[in-house]
1. Pairs only if they're at least six apart or on different chains, beta carbon under 9 angstrom, first in the stretch 36-56 and within 23 Å of T7 (Cα to Cα), second among the basic types (K, R) and not in a strand (DSSP E or B); list them, first residue then second.
2. Inspect all residues belonging to the stretch 211-226 and state whether any of them is open to solvent by 50 Å² or more (accessible area, probe 1.4 Å), β-branched (V, I, T) and either without any contact (Cβ under 8 Å) to a residue 24 or more places away in the chain or farther than 30 Å from A70 by Cα (or both).
3. What do you reckon, is S111 modelled with pLDDT of 95 or more, under 30 Å from F41 (Cα atoms) and among the polar types (S, T, N, Q)?
4. With the stretch 156-264 as the region, which strands (runs of 3 or more DSSP E) entirely inside it contain at least 3 residues that are more than 30 Å from Q15 (Cβ to Cβ) and within 18 Å of the chain's Cα centre (by Cα)?
5. Pairs, please: C-beta under 6 Å, at least 6 apart or cross-chain, first residue without any contact (Cβ under 8 Å) to a residue 40 or more places away in the chain and in the stretch 176-189, second in a strand (DSSP E or B)?
6. What are the pairs with Cβ atoms under 6 angstrom where one residue, in the stretch 1-12, is over 10 Å from L256 (Cβ atoms) and the other, located anywhere, is among the aromatic types (F, W, Y) and surrounded by 17 or more Cβ atoms within 10 Å (Cβ to Cβ)? Sequence gap at least six, or different chains.
7. Are any residues in the stretch 89-146 among the basic types (K, R) and either touching a Lys or Arg at 6+ places or on another chain (Cβ under 7 Å) or farther than 30 Å from N167 by Cα (or both), and if so, which ones?
8. Residues of the stretch 175-191 being open to solvent by 50 Å² or more (accessible area, probe 1.4 Å) and closer than 22 Å to K217 by Cβ, which ones?
Amino acid sequence: MVRSLWTAATGMNGQQSNIDAISNNLSNVNTTGFKQQRVEFEDLIYQNVKLAGTPATEDTVTPVGVQMGAGAKVAATQRIMRQGSLQATGVETDMAIVGDGFFRVQQYDGSYAYTRDGSFKIDLTGQMVNANGLRMMPEIIMPEGWIPETIAISDDGRVSVRVADVNDPVEVGQIELYRFPNSVGLEALGDNLYKVSNASGAPIASRPGYEGMGVTKHKFLEMSNVSVVNEMVQMIVAQRAYEFNSKAIQTSDTMLSTAVNMKR
């Protein structure tokens, strides 16, 4: 009976983690390039009261054993890398990835991070940077005398602009995308950034539209892939599971109380 108290407690702890993940998904429903998280559970170790195959008589064995479970735990919080919907913005430096791949930016310590957030800007030096001033890599640098309203980005990542007193557009850089053998193994850093981990594998670079990469869509942004309706349903399911486990604790407590009060 005491075992049931602890078993139900693990269930409540697990559903609390589930609600935490759902809350994070809902809070990021308007975050550019955000990928939904899903909590996955696994059962805990079992106590073998009687092993299957234990001799029952001289000529027979028990076909089924007795195993008592100890509850559940969170096994993983997996990112769902499903494509988010595209939103037309009309902003010259916005771009979305349709398909596989990440943009790469250089962090302040010189290391690289990866993002699906294509809301880039042009800083005072003419470099293409993200909202926190991290430079896109390879660098995209605007030439002197460029006209801001003339930025054009092709589906294969070629960036060109018009320059004053020059009739033809000038190509200023080539965007590269990066994909991973196991993109769900990337470590989230916050600020819409991910970094390489031992689970993700090394980045594979290529131009958009080549070697399995997605393409870039100019003046669009990829929105979060979170479905509010699905998250609300998952929240109801998690809430009821939490209640069921709390009822199991209350029932175990009542049974213990009955046993204690049998002798008056």
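The values are calculated or read from the model by the stated rules, or taken from the named source; none is laboratory data. Bear in mind the structure is a predicted one, so any value in this text is a computation, not a measurement. Ideal geometry is used to build each Cβ from the backbone, glycine not excepted, and the neighbour counts take in all protein chains shown. In case anyone asks, the SASA skips ligands and DNA or RNA and just uses the protein heavy atoms, side chains included. Shrake-Rupley method; radii C 1.70, N 1.55, O 1.52, S 1.80 Å.
1. Q47/R3
2. The initial filter retains those residues of the stretch 211-226 that are open to solvent by 50 Å² or more (accessible area, probe 1.4 Å), namely 211-212, 217, 219-220.
Of the ones still in play, those that are also β-branched (V, I, T) are none.
Checked against the condition, which is being open to solvent by 50 Å² or more (accessible area, probe 1.4 Å), β-branched (V, I, T) and either without any contact (Cβ under 8 Å) to a residue 24 or more places away in the chain or farther than 30 Å from A70 by Cα (or both), the stretch 211-226 yields no hits at all.
3. Values: modelled with pLDDT of 95 or more: yes; under 30 Å from F41 (Cα atoms): no; among the polar types (S, T, N, Q): yes.
Answer is no for this residue.
4. On the way: elements: 158-161, 170-174, 177-179, 187-190, 193-195, 204-206, 215-218, 220-222.
In the stretch 156-264, no matching strands (runs of 3 or more DSSP E) lie anywhere.
5. The qualifying pairs are E187/K195.
6. Going by the 6 Å Cβ cut-off, the qualifying pairs are M12/Y242.
7. Residues of the stretch 89-146 that are among the basic types (K, R), as a first pass: 104, 116, 121, 135.
If the condition is that a residue be among the basic types (K, R) and either touching a Lys or Arg at 6+ places or on another chain (Cβ under 7 Å) or farther than 30 Å from N167 by Cα (or both), then R104, R116 are the ones that fit.
8. E176, R179
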